[in-house]
């Protein structure tokens, strides 16, 4: 079923989304970063993501999914899937699926970034309120 190719596409799309989110984060912390700061930041993000989502991590993710498939699919299901994926349409799906996954993730990227930004802003506000409340509490005798 070429799960490795699909997982690679997912990981690469996740890396790209993470880089885009990280770049937005630097703009929030440093409104006008220099080209050198942007380059250095992207290199750092790429290095961190490369380590976090490297071949070992991908293998771990694949191994973690095996029990999920085992719980949900029977041997008969797998045999039927093998027949389907051996057909011309199944082969086309296998060829196209990594690109479809990557394009789908790119299409949803902006939405996910907007949601993440909103979530983190709300968390920051809540933390700030907690800090201010603690300061007020500490001032009272």
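Miscellaneous remarks
- Over every Cα atom in the chain, the radius of gyration and the widest Cα-Cα span, Dmax, amount to 21.8, 78 Å.
- Rounded if a/c under 1.5, otherwise prolate or oblate - segment 68-111, Cα gyration tensor axes: oblate
- Measuring nothing but how far apart in sequence close Cα pairs (under 8 Å, 6+ apart) lie, relative to its length, segment 3-108 scores a relative contact order of 54 percent.
- On Cα atoms only, tilt of 35-52 relative to the major axis of the chain in degrees: 50
- Extension gain (nm, one decimal) between residue 57 and residue 30, 0.36 nm per residue minus Cα-Cα: 6.6 nm
- Using alpha-carbon coordinates, inclination of helix 88-139 to the longest axis of the chain, degrees: 20
- Highest mean packing first, where packing is the average number of other Cβ atoms within 10 Å per residue, the peptides 102-110, 32-40 line up as 102-110, 32-40.
- Taking the longest Cα principal axis of the chain as reference, the axis of helix 3-29 is set at about 10 degrees.
- Largest mean-square fluctuation among 62, 93, 73, in a Gaussian network model of the chain whose springs join Cα atoms under 10 Å apart, belongs to 73.
Taken together, the values in this text are just the output of simple stated rules run on the coordinates, not laboratory data. Computed from a prediction, not measured in an experiment: that's the story for all the values here. Note: ideal-geometry Cβ built from the backbone for every residue, glycine included; neighbour counts use all protein chains shown.
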